[in-house]
1. Give me the distance in nm between label points sitting 7 Å out from Cα along the Cα-to-Cβ direction at SER409 and ASN483, one decimal.
2. For the range 195-269, just the Cα set please: Rg and Dmax, both in angstrom.
3. Counting only heavy atoms of protein chains, what accessible area per residue, in Å², does the range 319-463 have with a probe of 1.4 Å?
4. Using a 7 Å offset from the Cα along the Cα-to-Cβ direction at both SER50 and ASN315, what is the distance between the two label points in nm, to one decimal?
5. To the nearest whole percent, what portion of all C-alpha pairs in the range 369-485 is separated by more than 22 angstrom?
6. If you stretched the chain out fully between SER194 and THR375, how much longer would it get, using 0.36 nm times the residue separation minus the C-alpha to C-alpha distance?
7. Using only Cα atoms, figure out Rg for the range 176-218 and give it as a multiple of 2.2 N^0.38 Å.
8. Rounded to the nearest percent, how much of the accessible area of the range 338-485 (1.4 Å probe, protein heavy atoms only) is carbon and sulfur?
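The values are calculated or read from the model by the stated rules, or taken from the named source; none is laboratory data. Small disclaimer: the values here were computed from a predicted structure and weren't measured. Virtual Cβ from ideal backbone geometry, glycine too; neighbours counted across all protein chains shown. Heavy atoms of the whole protein, side chains included, go into the accessibility calculation; ligands, DNA and RNA do not. Shrake-Rupley method; radii C 1.70, N 1.55, O 1.52, S 1.80 Å.
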Amino acid sequence: MGFLFCVFFAACFFFTPPFADCSRSLLQIPHPTALLDVAEALQNTRNVLSFTPIGQSLSASPSPTSFLSLQIYPRASVQKTSHPDYKSLTLSRLQRDSARVTSLATRLDLSVSGISMSDLKPLGKGSEFGAEDVESPIVSGSSQGSGEYFSRVGIGKPPSQVYMVLDTGSDVNWVQCSPCADCYQQSDPIFEPSLSSSYSPLNCDTQQCKYLDDSECRNDRTCVYEVSYGDGSYTVGDFVTETITLGSDSVNNVAIGCGHNNEGLFVGAGGLLGLGGGPLSFSSQLNATTFSYCLVDRDSDSASTLEFDSALPPNAITAPLLRNHQLDTFYYIGLTGISVGGELLPIPESAFKIDESGNGGIIIDSGTAVTRLQTDTYNALRDAFIKGTKNLPSADSVALFDTCYNLSSTSSVDVPTLSFHFPEGKVVPLPAKNYVIPVDSVGTFCFAFAPTSSTLSIIGNVQQQGIRVGFDLGNSRVGFVPNKC
Ligand SMILES: *[C@@H]1O[C@H](CO)[C@@H](O)[C@H](O)[C@H]1NC(C)=O
Ligand SMILES: *[C@@H]1O[C@H](CO)[C@@H](O)[C@H](O)[C@H]1NC(C)=O
């Protein structure tokens, strides 16, 4: 088999030292191990608990470029954490993450089976909003907030600045809106439509209203949107057009939900900017041919950017961007394999393929933290990783992580390099800190992948950190530029 690979891939000859294992060199991995800076990761876990959130003081910074660009902040730098220690912060992040994964899997299940999301919704009170001007913050034990990366966005004319979650896993943009029948707590004032000269309700016969999965009409005229995220959280309100300001650039007539009734897991940000592949997402409404983002370390207080219509650099490692005919929201990627320490895992190609019915496949998502793989695939990956880390002292499992290490007595360690493989021999090796992550401040680190019982696999933001991820929508390519935040 190795011989056949050599015949078909010229690259193999260039990288094959005499007598070396051909399949290893085919991968073109510079090094079979990667260095994990344990001391730095632990220092970050201590810093993140004491950040002063930038909060409302921050206004959207002007875009320094010719294309639309906005700053992205990790949650920790925007919202002061209420957690006493890093372990507690980790557990709450993981709990949020599980809700997120459930929500995406539900969305897919419903699309595949042809059921509308609203059939699940727990409300009934949705269409009654609007009368009372009462703010009732929802801060239940379970509503820990969703979304890990935020941007500062101006809504209306003149713009009111709010934090919005950036979400490649959904399309409909929305913002909490006055009058609130049910609004959760947010750090900025609730958007007030009566103070905006560009606020304009959409009629039911508009294309934007028709694109909604779940729309209703009020007085047979104006459009009402509802989005349920499948995990009990939802937002309902008027579907309108508004001016959206990013930095110094404004975009007019963006369809956005003015949410009067919002409940669930959104605490922290005032709304959501949908970056999915459907026609109502912000990126689609911009007619953007590309967009890219870089997610800084979740424990850092630095920022990066989301850019629209800026070409990916020529050195980007590219992979096919695939679509699911059952659901246009998700960005599927043509992953062909995963290697650990230079050895490709024995995973069937079908493990990452979308099947006829629309099940399966692997998406790349900004809102999921930990990469989820089908159980067999995960097990093969985990077993290979364990095999390459026999020298490291193990620790008990933590939440969904079953492979953990006690690294309290070292300041750095070598771990097997983990790489994603794409067609045409393209390889994206991950930095060690993108898959061995601290779960407390005293030296427990875990292998940050997890199994899923859904057929849908997801590449999460922990694995994307520090890598610019670009979506070339025109050419159906996803590009990766390592070390480019
Ligand atoms: C995007 O294209 C549509 C249809 O051609 C057009 O109506 C709309 O104004 C465009 N939006 C932007 C922001 O250019
Ligand atoms: C981790 O190892 C250190 C010694 O290297 C030990 O003192 C500590 O108790 C261990 N931690 C756990 C949670 O087992």
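1. 3.3
2. Every Cα atom of the range 195-269 included, Rg and Dmax give 13.2, 37 Å.
3. Numbers: 5090 Å² over 145 residues.
Here the per-residue accessible area is 35 Å².
4. That separation, rounded to one decimal, is 3.6 nm.
5. Working: 2537 of 6786 pairs.
It works out to 37 percent of all Cα pairs.
6. Details: separation 181, 0.36 × 181 = 65.16 nm, distance 5.11 nm.
Full extension of this stretch gives 60.0 nm more.
7. Numbers: Rg = 13.1 Å, N = 43, 2.2 N^0.38 = 9.2 Å.
Working it through for the range 176-218, the quotient is 1.42.
8. On the way: 2600 of 5310 Å².
Whole-percent figure for carbon plus sulfur exposure: 49.
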